[in-house]
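The values are calculated or read from the model by the stated rules, or taken from the named source; none is laboratory data. Not measured: the values here are computed from a predicted model. Using ideal geometry, Cβ is built from the backbone for each residue, glycine included, and neighbour counts are taken over all protein chains shown. With ligands, DNA and RNA removed, areas are computed over all heavy atoms of the protein, side chains included. Shrake-Rupley method; radii C 1.70, N 1.55, O 1.52, S 1.80 Å.
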Amino acid sequence: MTSERSHDSLPRHVAIVMDGNGRWARKRFMPRGMGHRAGVDALVKVVQATAARGIPYLTVFAFSSENWKRPEEEVSGLMSLLLVALSKHLARLSADGVRVRVIGDLDSVSERIHHALREAEQATAHNSRLTLTVAFNYGGRWDIVQACRRAMRAGVAPEALDEATLSRHMAMADTPDPDLFIRTGGEVRLSNFLLWQSAYAELYFTDCLWPDFDDGELDRALRDYAGRERRFGDVGASGQGDAAVGLGESPVEQGDR
Ligand code: IPE
Ligand code: IPE
Ligand code: MG
């Protein structure tokens, strides 16, 4: 926890599905690639805004395990953009105290991309203000399967496998689960992002297209989050009075519970 964090209504971990780049470009009669480029600029600003608000963890969906289905030209454009974005922005982000980590199946991406991502991790490993986790060639189902495989390889017996054990083998095992899950671009779905880790995340969907997402949009999401009551299956603060007032009048036998 950082000293910048002032109150509990602030999430510790924000996860974002950065969607809407293509539509942002189309609205301007530009090729989709221009939308992705504008998306990188939005990301850099949102990373800085997140750090400035004292939120220690930000995880972003950059390329999904299903995005390979896109036209070859778009996929290769996204790969090149990743390299350009790292060379353009990494030094600045690192100077701002950002640690970069990557989750996803890097065995199936090109050697160049794999190397650049691992290098970004190493170059920023000493930073601690904000951990920016980039999900690249990531899928929530892939993550669950790879966690099972790693647990099996580690010799975990079937009867010893429980939620805590599997959690330790998931991507981002050393990071708290996301508190706030944001999706831009108007679609109301998870698209295979952080399925396991978001079990109790607060979901926030906005029509704002990712390249338009800025400090003000982030603050809007944070305000919405601050107004949520997280119950985690319990009755929560507003339900606490019920037992004493109403339900308490009709006695419940211990065995009926
Ligand atoms: C999200 O924007 C970025 C990636 C998937 C890499 P899209 O490219 O999905 O934009 P839309 O949804 O087509 O507008
Ligand atoms: C999710 O967006 C993936 C990323 C933002 C990287 P998509 O645009 O790929 O999701 P769908 O296809 O609309 O579900
Ligand atoms: Mg999309």
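Things to note:
- Summarising the amide proton neighbourhood of Arg99: residues at separation of 5 or more, or on other chains, whose placed amide H is nearer than 5 Å comprise Arg129, Leu130, Thr131, Leu132.
- Helix-derived mean residue ellipticity, 222 nm - over the chain, DSSP H n ≥ 4, -39500 (n - 2.57), to 500: -12500 deg cm²/dmol
- Solvent-accessible area per residue, Å², over the chain with all protein chains present [probe radius 1.4 Å]: 55 Å²
- Residue with peak Gaussian network fluctuation, the chain [Cα springs, cutoff 10 Å], from Trp24, Trp196, Trp68: Trp68
- Degrees separating the helix 215-226 axis from the principal Cα axis of the chain, which is the longest one: 20 degrees
- Cα-based Rg / Dmax (Å) for segment 82-142: 11.6, 34
- Pairwise FRET efficiency - Lys27 versus His89, Cβ, R0 = 35 Å, nearest 0.05: 0.90
- Short-range pairs are left out: with C-alpha atoms under 8 Å and at least six residues apart, the relative contact order of the chain is 27 percent.
- Computed 3J(HN,Hα) for segment 55-68, one whole-Hz value per residue from the Karplus formula 6.51 cos²θ - 1.76 cosθ + 1.60 where θ = phi - 60°, is 8, x, 9, 10, 10, 10, 8, 9, 7, 8, 5, 9, 5, 5, glycine and proline marked x.
- Residue ranking by accessible heavy-atom surface, 1.4 Å probe, largest first, among Leu78, Leu117 comes out as Leu78, Leu117.
- What the Kirkwood sum gives for segment 39-141 is a hydrodynamic radius of 14.0 Å, with every pair of different alpha carbons counted.
- Between His36, His115, His169, the residue with the greatest mean-square fluctuation in the GNM of the chain (Cα pairs under 10 Å linked by springs) is His115.
- Length-normalised contact order of segment 1-102 in % [C-alpha pairs under 8 Å, at least 6 apart]: 34 percent
- Cα centre as origin, Lys/Arg/Asp/Glu Cβ charges: segment 82-152 dipole, Debye: 140 debye
- Cα-only radius of gyration and Dmax that characterise the chain, units Å: 20.6, 69
- Relative to the longest principal axis of the Cα atoms of the chain, helix 72-95 runs at roughly 80 degrees.
- Accessible area of the chain belonging to carbon and sulfur atoms, whole % at 1.4 Å probe: 51 percent
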